[in-house]
Amino acid sequence: MSEPTVPEPSLLIVEDDPGLRRQYRWAFPGRTVLVAGDRDQAIDQARRARPEVAIIDLGLPPDPDGISEGLAILDALFRELPAIKVIVATGNGRRENALLAIGRGAHDFFEKPVDIEILRIIVDRAFRLAALERENRRLSNMVGPSPLPRVIAGSETMLKTCRTIEKLAPATAPVLLLGESGTGKEILARALHDLGPRADGPFIAINCGAIPEPLLESELFGHEKGAFTGAIKQTPGRIELAQGGTLFLDEIGDLPLALQVKLLRFLQEGVIERVGGRRPIPIDARIVSATHQDLDGLVAAGRFRLDLLFRLNIVSVRIPPLRERGGDAVLLARFFLRRFAQDQNRQGLAFSEAAIAALMRHGWPGNVRELENRVRRAVIMAEGQQIEAADLDLADGALAPLPDLRSARREAEREAVQLALARADGSMVAAAKLLGISRPTLYALIDSLGLSDDVRADRAADAADPSGPDEP
Ligand SMILES: Nc1ncnc2c1ncn2[C@@H]1O[C@H](COP(=O)(O)OP(=O)(O)OP(=O)(O)O)[C@@H](O)[C@H]1O
Ligand SMILES: [Mg+2]
(Lines give C-alpha, C1' and ligand atoms only; values in the text may rest on other atoms or scores of the structure.)
(Ligands and ions follow the chains in the order given, each with its own letter.)
Protein backbone atom coordinates (compact mmCIF):
# COMPACT_ATOMS: atom_id res chain seq x y z
CA MET A 1 0.00 0.00 0.00
CA SER A 2 1.38 3.41 -0.88
CA GLU A 3 1.39 6.37 1.50
CA PRO A 4 -1.82 8.36 1.26
CA THR A 5 -1.20 11.84 -0.05
CA VAL A 6 -2.94 14.82 1.48
CA PRO A 7 -3.54 17.96 -0.54
CA GLU A 8 -3.34 20.25 2.50
CA PRO A 9 -2.75 19.87 6.24
CA SER A 10 -5.98 18.91 7.97
CA LEU A 11 -7.49 19.33 11.41
CA LEU A 12 -8.82 16.31 13.28
CA ILE A 13 -11.47 16.82 15.95
CA VAL A 14 -12.27 14.09 18.45
CA GLU A 15 -15.49 14.88 20.28
CA ASP A 16 -18.33 12.65 21.40
CA ASP A 17 -21.01 15.33 21.57
CA PRO A 18 -22.74 15.45 18.15
CA GLY A 19 -23.86 19.05 18.65
CA LEU A 20 -20.33 20.23 19.36
CA ARG A 21 -19.00 18.17 16.46
CA ARG A 22 -21.34 20.07 14.15
CA GLN A 23 -20.28 23.38 15.62
CA TYR A 24 -16.58 22.56 15.15
CA ARG A 25 -17.14 21.43 11.59
CA TRP A 26 -18.15 24.95 10.59
CA ALA A 27 -15.82 26.81 12.88
CA PHE A 28 -12.70 26.63 10.73
CA PRO A 29 -13.48 27.98 7.27
CA GLY A 30 -10.71 27.27 4.81
CA ARG A 31 -9.45 24.22 6.67
CA THR A 32 -10.07 20.57 6.00
CA VAL A 33 -11.82 19.38 9.13
CA LEU A 34 -12.17 15.70 9.99
CA VAL A 35 -14.31 14.60 12.90
CA ALA A 36 -14.20 11.48 15.00
CA GLY A 37 -16.50 10.39 17.80
CA ASP A 38 -14.24 7.82 19.43
CA ARG A 39 -10.77 6.35 19.54
CA ASP A 40 -11.18 3.94 16.60
CA GLN A 41 -12.50 6.62 14.32
CA ALA A 42 -9.74 8.97 15.45
CA ILE A 43 -6.97 6.48 14.68
CA ASP A 44 -8.60 5.60 11.40
CA GLN A 45 -8.71 9.27 10.36
CA ALA A 46 -5.15 9.83 11.56
CA ARG A 47 -3.90 6.96 9.40
CA ARG A 48 -5.83 8.02 6.35
CA ALA A 49 -5.47 11.79 6.36
CA ARG A 50 -2.39 12.36 8.53
CA PRO A 51 -3.72 15.58 10.11
CA GLU A 52 -1.18 18.08 11.41
CA VAL A 53 -3.33 19.38 14.24
CA ALA A 54 -5.93 17.67 16.41
CA ILE A 55 -8.41 18.82 19.03
CA ILE A 56 -9.24 16.12 21.55
CA ASP A 57 -11.96 16.25 24.15
CA LEU A 58 -10.31 14.73 27.20
CA GLY A 59 -13.58 13.47 28.70
CA LEU A 60 -14.78 10.77 26.33
CA PRO A 61 -16.75 7.57 26.90
CA PRO A 62 -16.17 5.12 28.46
CA ASP A 63 -14.70 7.69 30.90
CA PRO A 64 -16.68 10.89 30.23
CA ASP A 65 -15.95 12.32 33.68
CA GLY A 66 -12.29 11.36 33.76
CA ILE A 67 -9.53 11.78 31.22
CA SER A 68 -8.26 8.24 30.70
CA GLU A 69 -9.83 7.82 27.26
CA GLY A 70 -8.68 11.26 26.13
CA LEU A 71 -5.10 10.53 27.19
CA ALA A 72 -5.24 7.09 25.54
CA ILE A 73 -6.23 8.78 22.27
CA LEU A 74 -3.45 11.31 22.74
CA ASP A 75 -0.89 8.51 23.12
CA ALA A 76 -2.32 6.56 20.19
CA LEU A 77 -2.19 9.64 17.96
CA PHE A 78 1.43 10.29 18.86
CA ARG A 79 2.27 6.71 17.93
CA GLU A 80 0.73 7.27 14.49
CA LEU A 81 1.92 10.84 13.99
CA PRO A 82 4.80 11.83 16.27
CA ALA A 83 4.77 15.42 15.04
CA ILE A 84 1.03 16.10 15.40
CA LYS A 85 0.05 19.17 17.43
CA VAL A 86 -2.71 18.22 19.85
CA ILE A 87 -4.94 20.73 21.56
CA VAL A 88 -6.96 19.25 24.41
CA ALA A 89 -10.34 20.41 25.64
CA THR A 90 -11.08 20.11 29.34
CA GLY A 91 -14.25 20.51 31.31
CA ASN A 92 -14.78 23.73 33.19
CA GLY A 93 -12.32 24.19 36.05
CA ARG A 94 -10.30 21.06 35.26
CA ARG A 95 -7.06 22.86 34.54
CA GLU A 96 -4.97 20.14 36.19
CA ASN A 97 -6.15 17.68 33.53
CA ALA A 98 -4.89 19.96 30.82
CA LEU A 99 -1.49 20.11 32.50
CA LEU A 100 -1.37 16.32 32.60
CA ALA A 101 -2.04 16.23 28.88
CA ILE A 102 0.62 18.90 28.21
CA GLY A 103 3.05 16.81 30.20
CA ARG A 104 2.28 13.91 27.84
CA GLY A 105 3.13 16.04 24.82
CA ALA A 106 -0.07 17.97 24.06
CA HIS A 107 0.63 21.34 22.46
CA ASP A 108 -2.05 23.50 24.08
CA PHE A 109 -5.44 23.36 25.76
CA PHE A 110 -8.67 25.26 26.21
CA GLU A 111 -11.52 25.04 28.64
CA LYS A 112 -15.09 24.27 27.77
CA PRO A 113 -17.46 25.89 27.12
CA VAL A 114 -15.58 26.61 23.94
CA ASP A 115 -15.04 30.12 22.65
CA ILE A 116 -14.68 29.56 18.92
CA GLU A 117 -12.77 32.76 18.25
CA ILE A 118 -10.12 31.94 20.80
CA LEU A 119 -9.99 28.34 19.67
CA ARG A 120 -9.37 29.51 16.12
CA ILE A 121 -6.35 31.47 17.28
CA ILE A 122 -5.00 28.48 19.18
CA VAL A 123 -5.55 26.26 16.13
CA ASP A 124 -3.91 28.74 13.76
CA ARG A 125 -0.87 28.91 16.00
CA ALA A 126 -0.65 25.14 16.10
CA PHE A 127 -0.77 24.97 12.30
CA ARG A 128 1.95 27.59 12.00
CA LEU A 129 4.15 25.69 14.42
CA ALA A 130 3.49 22.42 12.60
CA ALA A 131 4.45 24.06 9.30
CA LEU A 132 7.64 25.42 10.82
CA GLU A 133 8.56 22.01 12.15
CA ARG A 134 7.74 20.38 8.85
CA GLU A 135 10.15 22.82 7.21
CA ASN A 136 12.72 21.98 9.90
CA ARG A 137 12.45 18.31 9.09
CA ARG A 138 12.67 18.94 5.37
CA LEU A 139 15.84 20.99 5.84
CA SER A 140 17.39 18.48 8.18
CA ASN A 141 16.81 15.71 5.65
CA MET A 142 18.62 17.73 3.03
CA VAL A 143 22.25 16.83 2.74
CA GLY A 144 24.38 19.93 3.01
CA PRO A 145 25.93 20.98 -0.27
CA SER A 146 29.39 20.46 1.23
CA PRO A 147 31.77 18.72 -1.13
CA LEU A 148 33.44 16.91 1.77
CA PRO A 149 32.22 13.71 3.35
CA ARG A 150 30.83 14.15 6.89
CA VAL A 151 31.46 17.90 6.82
CA ILE A 152 28.33 20.03 7.09
CA ALA A 153 28.65 23.41 5.41
CA GLY A 154 26.08 25.74 3.93
CA SER A 155 27.61 29.17 4.29
CA GLU A 156 29.70 30.68 1.54
CA THR A 157 32.70 31.11 3.87
CA MET A 158 32.73 27.47 4.91
CA LEU A 159 31.95 26.18 1.42
CA LYS A 160 34.96 28.09 0.17
CA THR A 161 37.11 26.43 2.82
CA CYS A 162 35.73 23.03 1.82
CA ARG A 163 36.45 23.64 -1.84
CA THR A 164 40.02 24.61 -0.94
CA ILE A 165 40.44 21.38 1.03
CA GLU A 166 39.03 19.45 -1.90
CA LYS A 167 41.53 21.07 -4.25
CA LEU A 168 44.46 20.46 -1.94
CA ALA A 169 43.66 16.82 -1.22
CA PRO A 170 45.25 15.26 -4.33
CA ALA A 171 48.52 17.16 -3.80
CA THR A 172 51.15 16.03 -1.34
CA ALA A 173 52.36 19.41 -0.09
CA PRO A 174 52.09 19.99 3.67
CA VAL A 175 48.97 21.86 4.72
CA LEU A 176 48.63 24.06 7.79
CA LEU A 177 45.08 24.41 9.14
CA LEU A 178 44.42 27.58 11.10
CA GLY A 179 41.31 27.83 13.20
CA GLU A 180 39.98 28.51 16.66
CA SER A 181 39.38 25.54 18.88
CA GLY A 182 36.39 23.45 17.86
CA THR A 183 36.19 24.79 14.29
CA GLY A 184 36.76 21.36 12.74
CA LYS A 185 40.51 21.23 12.22
CA GLU A 186 40.66 17.50 12.75
CA ILE A 187 37.63 16.69 10.62
CA LEU A 188 39.15 18.72 7.75
CA ALA A 189 42.55 17.05 8.22
CA ARG A 190 40.74 13.74 7.84
CA ALA A 191 38.97 14.99 4.73
CA LEU A 192 42.36 15.89 3.22
CA HIS A 193 43.45 12.36 3.94
CA ASP A 194 40.26 10.64 2.77
CA LEU A 195 40.18 12.49 -0.55
CA GLY A 196 43.91 12.13 -1.20
CA PRO A 197 46.01 9.44 -2.85
CA ARG A 198 46.95 7.97 0.54
CA ALA A 199 43.37 7.34 1.66
CA ASP A 200 44.10 3.64 1.96
CA GLY A 201 47.02 4.34 4.27
CA PRO A 202 46.76 5.23 7.96
CA PHE A 203 45.65 8.58 9.37
CA ILE A 204 47.73 9.20 12.48
CA ALA A 205 47.04 12.17 14.73
CA ILE A 206 49.14 13.51 17.55
CA ASN A 207 48.25 16.43 19.77
CA CYS A 208 51.54 18.19 20.48
CA GLY A 209 49.96 20.17 23.29
CA ALA A 210 48.48 17.24 25.16
CA ILE A 211 51.56 15.07 25.67
CA PRO A 212 54.11 16.01 28.34
CA GLU A 213 57.38 17.17 26.82
CA PRO A 214 59.55 14.30 28.11
CA LEU A 215 57.27 11.75 26.43
CA LEU A 216 56.60 13.67 23.27
CA GLU A 217 59.89 12.87 21.57
CA SER A 218 59.46 9.13 21.79
CA GLU A 219 55.75 9.47 20.93
CA LEU A 220 56.72 11.22 17.71
CA PHE A 221 59.90 9.40 16.76
CA GLY A 222 59.65 6.08 18.62
CA HIS A 223 62.48 4.50 20.55
CA GLU A 224 64.79 1.51 20.60
CA LYS A 225 64.78 -1.00 23.40
CA GLY A 226 66.87 0.32 26.29
CA ALA A 227 67.00 3.89 24.93
CA PHE A 228 65.96 5.14 28.37
CA THR A 229 64.74 3.74 31.65
CA GLY A 230 61.44 2.03 30.94
CA ALA A 231 62.12 1.53 27.25
CA ILE A 232 61.58 -2.19 27.54
CA LYS A 233 60.95 -2.82 23.88
CA GLN A 234 61.45 -1.23 20.52
CA THR A 235 58.49 1.07 19.80
CA PRO A 236 57.67 2.92 16.59
CA GLY A 237 56.60 6.56 16.92
CA ARG A 238 53.56 8.21 15.37
CA ILE A 239 55.56 9.53 12.43
CA GLU A 240 56.61 6.02 11.57
CA LEU A 241 53.06 4.70 12.04
CA ALA A 242 51.88 7.23 9.45
CA GLN A 243 54.00 5.53 6.79
CA GLY A 244 52.10 5.60 3.49
CA GLY A 245 49.33 7.72 5.03
CA THR A 246 48.83 11.08 6.70
CA LEU A 247 50.43 12.49 9.85
CA PHE A 248 48.26 15.08 11.58
CA LEU A 249 50.25 17.29 13.92
CA ASP A 250 47.61 18.97 16.05
CA GLU A 251 48.43 22.06 18.13
CA ILE A 252 51.76 22.37 16.41
CA GLY A 253 52.30 25.72 18.16
CA ASP A 254 52.84 23.80 21.40
CA LEU A 255 55.77 21.78 20.03
CA PRO A 256 58.85 22.44 22.21
CA LEU A 257 61.78 24.11 20.44
CA ALA A 258 64.07 21.08 20.78
CA LEU A 259 61.54 18.91 18.98
CA GLN A 260 60.95 21.60 16.38
CA VAL A 261 64.56 21.05 15.31
CA LYS A 262 64.06 17.30 15.00
CA LEU A 263 60.77 17.70 13.16
CA LEU A 264 62.38 20.14 10.76
CA ARG A 265 65.08 17.59 9.96
CA PHE A 266 62.45 15.01 9.17
CA LEU A 267 60.61 17.43 6.90
CA GLN A 268 63.81 18.34 5.07
CA GLU A 269 65.28 14.88 4.67
CA GLY A 270 62.28 12.56 4.84
CA VAL A 271 63.94 10.33 7.41
CA ILE A 272 63.68 9.88 11.16
CA GLU A 273 65.72 8.14 13.81
CA ARG A 274 64.10 6.49 16.78
CA VAL A 275 65.26 7.66 20.21
CA GLY A 276 68.37 5.62 21.01
CA GLY A 277 68.56 4.46 17.40
CA ARG A 278 71.21 5.10 14.80
CA ARG A 279 69.52 3.87 11.66
CA PRO A 280 67.71 6.49 9.57
CA ILE A 281 64.22 5.31 8.63
CA PRO A 282 62.75 6.80 5.44
CA ILE A 283 59.15 7.93 5.89
CA ASP A 284 56.65 8.74 3.20
CA ALA A 285 53.68 10.51 4.78
CA ARG A 286 51.60 13.55 4.08
CA ILE A 287 51.96 16.22 6.75
CA VAL A 288 48.94 18.15 7.91
CA SER A 289 49.39 20.42 10.90
CA ALA A 290 46.96 22.60 12.80
CA THR A 291 46.91 25.30 15.41
CA HIS A 292 44.59 27.81 17.02
CA GLN A 293 47.59 30.01 17.83
CA ASP A 294 49.12 32.86 15.90
CA LEU A 295 52.30 31.21 14.62
CA ASP A 296 53.78 34.47 13.32
CA GLY A 297 53.39 35.85 16.82
CA LEU A 298 55.12 32.78 18.26
CA VAL A 299 57.95 33.24 15.74
CA ALA A 300 58.31 36.88 16.75
CA ALA A 301 58.39 35.81 20.40
CA GLY A 302 61.13 33.30 19.62
CA ARG A 303 58.96 30.32 20.50
CA PHE A 304 58.52 28.92 17.04
CA ARG A 305 61.16 28.39 14.38
CA LEU A 306 60.64 30.38 11.22
CA ASP A 307 62.27 27.68 9.08
CA LEU A 308 59.83 25.09 10.46
CA LEU A 309 56.92 27.43 9.81
CA PHE A 310 58.03 27.72 6.17
CA ARG A 311 58.10 23.96 5.83
CA LEU A 312 54.70 23.36 7.39
CA ASN A 313 53.05 26.33 5.83
CA ILE A 314 53.47 25.54 2.15
CA VAL A 315 49.72 26.03 1.98
CA SER A 316 47.63 27.31 4.86
CA VAL A 317 43.87 27.12 5.14
CA ARG A 318 41.92 29.34 7.45
CA ILE A 319 38.89 27.67 8.97
CA PRO A 320 36.29 30.32 9.77
CA PRO A 321 34.88 30.41 13.27
CA LEU A 322 31.24 29.36 13.51
CA ARG A 323 30.06 32.93 14.12
CA GLU A 324 31.28 33.80 10.59
CA ARG A 325 29.34 30.99 8.95
CA GLY A 326 25.87 32.50 8.56
CA GLY A 327 23.16 29.91 9.09
CA ASP A 328 25.58 27.01 9.58
CA ALA A 329 24.91 26.84 13.33
CA VAL A 330 21.30 25.84 12.65
CA LEU A 331 22.33 23.44 9.88
CA LEU A 332 24.88 21.79 12.16
CA ALA A 333 22.47 21.76 15.10
CA ARG A 334 19.94 19.85 13.01
CA PHE A 335 22.64 17.45 11.86
CA PHE A 336 23.74 16.74 15.44
CA LEU A 337 20.13 16.55 16.60
CA ARG A 338 19.37 13.87 14.02
CA ARG A 339 22.42 11.89 15.09
CA PHE A 340 21.89 12.14 18.87
CA ALA A 341 18.11 11.72 18.67
CA GLN A 342 18.72 8.49 16.81
CA ASP A 343 21.21 7.34 19.46
CA GLN A 344 18.71 8.14 22.22
CA ASN A 345 15.73 6.82 20.29
CA ARG A 346 13.96 10.19 20.34
CA GLN A 347 13.40 10.68 16.61
CA GLY A 348 10.42 13.05 16.95
CA LEU A 349 12.51 15.80 18.60
CA ALA A 350 12.71 19.21 16.92
CA PHE A 351 13.98 22.64 17.89
CA SER A 352 11.41 25.20 18.98
CA GLU A 353 11.31 28.52 17.20
CA ALA A 354 12.86 30.21 20.22
CA ALA A 355 15.62 27.60 20.32
CA ILE A 356 16.46 28.25 16.67
CA ALA A 357 16.56 31.98 17.40
CA ALA A 358 18.89 31.32 20.33
CA LEU A 359 21.15 29.15 18.16
CA MET A 360 21.37 31.91 15.60
CA ARG A 361 22.12 34.57 18.14
CA HIS A 362 24.75 32.80 20.23
CA GLY A 363 28.38 33.75 19.59
CA TRP A 364 29.82 30.18 19.76
CA PRO A 365 33.20 30.84 21.39
CA GLY A 366 33.74 27.06 21.43
CA ASN A 367 32.60 26.74 17.80
CA VAL A 368 31.28 23.44 16.42
CA ARG A 369 32.48 21.45 19.40
CA GLU A 370 30.44 23.66 21.74
CA LEU A 371 27.41 23.32 19.47
CA GLU A 372 27.77 19.55 19.39
CA ASN A 373 27.94 19.42 23.19
CA ARG A 374 24.94 21.68 23.65
CA VAL A 375 22.80 19.61 21.29
CA ARG A 376 23.93 16.38 22.94
CA ARG A 377 22.85 17.81 26.28
CA ALA A 378 19.54 19.13 24.93
CA VAL A 379 18.53 15.75 23.52
CA ILE A 380 18.85 14.37 27.03
CA MET A 381 17.23 17.35 28.75
CA ALA A 382 14.24 18.02 26.47
CA GLU A 383 11.01 16.97 28.12
CA GLY A 384 8.44 17.21 25.36
CA GLN A 385 8.93 16.82 21.65
CA GLN A 386 10.58 20.19 21.39
CA ILE A 387 14.02 21.35 22.31
CA GLU A 388 13.81 24.73 23.98
CA ALA A 389 16.59 27.29 24.34
CA ALA A 390 16.92 26.34 28.01
CA ASP A 391 17.60 22.70 27.05
CA LEU A 392 20.55 24.02 25.06
CA ASP A 393 21.55 26.08 28.07
CA LEU A 394 21.12 29.21 25.99
CA ALA A 395 19.17 32.33 26.80
CA ASP A 396 15.82 32.46 25.03
CA GLY A 397 16.11 34.02 21.58
CA ALA A 398 14.94 37.59 21.69
CA LEU A 399 15.31 37.86 17.93
CA ALA A 400 13.03 35.56 16.01
CA PRO A 401 14.39 34.13 12.78
CA LEU A 402 11.07 34.75 11.07
CA PRO A 403 9.95 38.27 11.92
CA ASP A 404 6.78 37.85 9.90
CA LEU A 405 5.71 34.84 11.93
CA ARG A 406 6.56 36.66 15.11
CA SER A 407 4.53 39.69 14.26
CA ALA A 408 1.71 37.47 13.07
CA ARG A 409 1.77 35.79 16.43
CA ARG A 410 1.82 39.14 18.22
CA GLU A 411 -1.11 40.28 16.16
CA ALA A 412 -2.97 37.11 17.05
CA GLU A 413 -2.21 37.64 20.71
CA ARG A 414 -3.29 41.25 20.60
CA GLU A 415 -6.52 40.24 18.92
CA ALA A 416 -7.16 37.53 21.52
CA VAL A 417 -6.47 39.84 24.43
CA GLN A 418 -8.65 42.62 23.08
CA LEU A 419 -11.42 40.16 22.35
CA ALA A 420 -11.19 38.68 25.83
CA LEU A 421 -11.16 42.10 27.49
CA ALA A 422 -14.19 43.16 25.52
CA ARG A 423 -15.97 39.90 26.27
CA ALA A 424 -15.09 40.07 29.97
CA ASP A 425 -16.44 43.58 30.20
CA GLY A 426 -13.20 44.87 31.64
CA SER A 427 -12.81 42.21 34.34
CA MET A 428 -9.21 41.04 34.41
CA VAL A 429 -10.13 37.85 36.23
CA ALA A 430 -12.71 36.92 33.62
CA ALA A 431 -10.46 37.93 30.71
CA ALA A 432 -7.57 35.87 32.04
CA LYS A 433 -9.90 32.93 32.44
CA LEU A 434 -11.20 33.29 28.89
CA LEU A 435 -7.65 33.24 27.61
CA GLY A 436 -6.69 30.30 29.79
CA ILE A 437 -3.82 32.19 31.42
CA SER A 438 -3.20 33.57 34.88
CA ARG A 439 -3.98 37.17 35.79
CA PRO A 440 -0.30 38.15 36.23
CA THR A 441 0.40 36.62 32.80
CA LEU A 442 -2.43 38.65 31.33
CA TYR A 443 -1.02 41.86 32.86
CA ALA A 444 2.41 41.02 31.47
CA LEU A 445 0.89 40.31 28.06
CA ILE A 446 -1.07 43.57 28.09
CA ASP A 447 2.13 45.35 28.94
CA SER A 448 4.20 43.67 26.26
CA LEU A 449 1.53 44.24 23.63
CA GLY A 450 1.48 47.94 24.47
CA LEU A 451 -2.17 47.79 25.51
CA SER A 452 -1.66 49.18 29.02
CA ASP A 453 -2.77 52.66 28.09
CA ASP A 454 -5.99 51.42 26.52
CA VAL A 455 -6.71 49.32 29.60
CA ARG A 456 -6.05 52.27 31.89
CA ALA A 457 -8.34 54.49 29.83
CA ASP A 458 -11.00 51.79 30.08
CA ARG A 459 -10.52 51.67 33.81
CA ALA A 460 -10.90 55.41 34.14
CA ALA A 461 -14.12 55.21 32.18
CA ASP A 462 -15.30 52.37 34.38
CA ALA A 463 -14.43 54.25 37.56
CA ALA A 464 -16.72 57.01 36.40
CA ASP A 465 -19.45 54.42 35.88
CA PRO A 466 -20.81 53.02 39.16
CA SER A 467 -21.99 49.80 37.45
CA GLY A 468 -18.43 48.94 36.22
CA PRO A 469 -16.23 46.16 37.60
CA ASP A 470 -14.83 46.77 41.05
CA GLU A 471 -11.68 44.69 41.21
CA PRO A 472 -8.32 46.30 41.98
N1 LIG B 1 31.54 21.14 9.51
C2 LIG B 1 31.31 20.12 10.34
N3 LIG B 1 30.37 19.21 10.07
C4 LIG B 1 30.11 18.20 10.93
N5 LIG B 1 30.76 18.02 12.08
C6 LIG B 1 31.71 18.88 12.41
C7 LIG B 1 32.05 19.97 11.57
N8 LIG B 1 33.03 20.67 12.14
C9 LIG B 1 33.32 20.04 13.29
N10 LIG B 1 32.53 18.96 13.47
C11 LIG B 1 32.52 18.09 14.64
O12 LIG B 1 32.74 18.94 15.76
C13 LIG B 1 33.66 18.39 16.67
C14 LIG B 1 34.88 19.27 16.75
O15 LIG B 1 35.57 19.22 15.52
P16 LIG B 1 37.16 18.96 15.45
O17 LIG B 1 37.60 18.03 16.50
O18 LIG B 1 37.48 18.62 14.04
O19 LIG B 1 37.59 20.45 15.76
P20 LIG B 1 39.00 21.00 16.21
O21 LIG B 1 39.15 22.30 15.55
O22 LIG B 1 40.03 19.96 15.98
O23 LIG B 1 38.69 21.17 17.74
P24 LIG B 1 39.72 21.27 18.98
O25 LIG B 1 40.38 22.59 18.84
O26 LIG B 1 38.75 21.20 20.14
O27 LIG B 1 40.64 20.12 18.85
C28 LIG B 1 33.96 17.01 16.14
O29 LIG B 1 33.10 16.08 16.76
C30 LIG B 1 33.65 17.10 14.67
O31 LIG B 1 33.28 15.87 14.14
MG1 LIG C 1 41.29 19.05 17.37
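The values are calculated or read from the model by the stated rules, or taken from the named source; none is laboratory data. This is a predicted model, so every value here is computed, not measured. Here the Cβ positions follow ideal geometry from the backbone for every residue, glycine too, while neighbour counts run over all protein chains shown.
Is it fair to say PHE203 is touching a Ser or Thr at 6+ places or on another chain (Cβ under 7 Å) and closer than 30 Å to THR164 by Cβ? So PHE203 passes the test. In summary, PHE228 fulfils each of the numbered conditions (1) farther than 30 Å from PRO170 by Cβ; (2) not charged (D, E, K, R); (3) not in a loop (DSSP other than H, G, I, E, B) with the single exception of condition (3). When ILE206, ILE165 are checked against the criterion of being in the same structural domain as PHE266 (by TED's automatic domain parsing), among the hydrophobic types (A, V, I, L, M, F, W, C), at pLDDT 90 or above and in a strand (DSSP E or B), a single residue qualifies: ILE206. Within region 245-266, does at least one residue satisfy the condition of being among the small types (Gly, Ala, Ser), out of contact with any His (no Cβ under 7 Å at 6 or more places or on another chain), within 16 Å of ligand 1 (Cβ to nearest atom) and in contact (Cβ under 8 Å) with a residue 60 or more places away in the chain? Checking region 245-266: not a single residue is among the small types (Gly, Ala, Ser), out of contact with any His (no Cβ under 7 Å at 6 or more places or on another chain), within 16 Å of ligand 1 (Cβ to nearest atom) and in contact (Cβ under 8 Å) with a residue 60 or more places away in the chain. Please work out if LEU267 is within 44 Å of the chain's Cα centre (by Cα), within 22 Å of PRO170 (Cα to Cα), assigned to a helix (DSSP H, G or I) and more than 16 Å from ligand 2 (Cβ to nearest atom). When the stated conditions are applied, LEU267 passes them.
When the test is whether a residue is surrounded by 15 or more Cβ atoms within 10 Å (Cβ to Cβ), of a type outside the set (Lys, Arg) and at pLDDT below 95, LEU399 does not pass it.
Could you run through region 288-319 and say how many residues are under 22 Å from GLU186 (Cβ atoms) and either within 16 Å of ligand 1 (Cβ to nearest atom) or in contact with a helix residue (DSSP H, G or I) (Cβ under 7 Å, 6 or more places away or on another chain) (or both)?
Looking only at region 288-319, we keep the residues that are under 22 Å from GLU186 (Cβ atoms), and these are 288-295, 298, 304, 308-309, 311-319.
Narrowing the set further to residues that are either within 16 Å of ligand 1 (Cβ to nearest atom) or in contact with a helix residue (DSSP H, G or I) (Cβ under 7 Å, 6 or more places away or on another chain) (or both) leaves 288-295, 298, 304, 308-309, 311-312, 315-319.
Qualifying residue count, region 288-319: 19.
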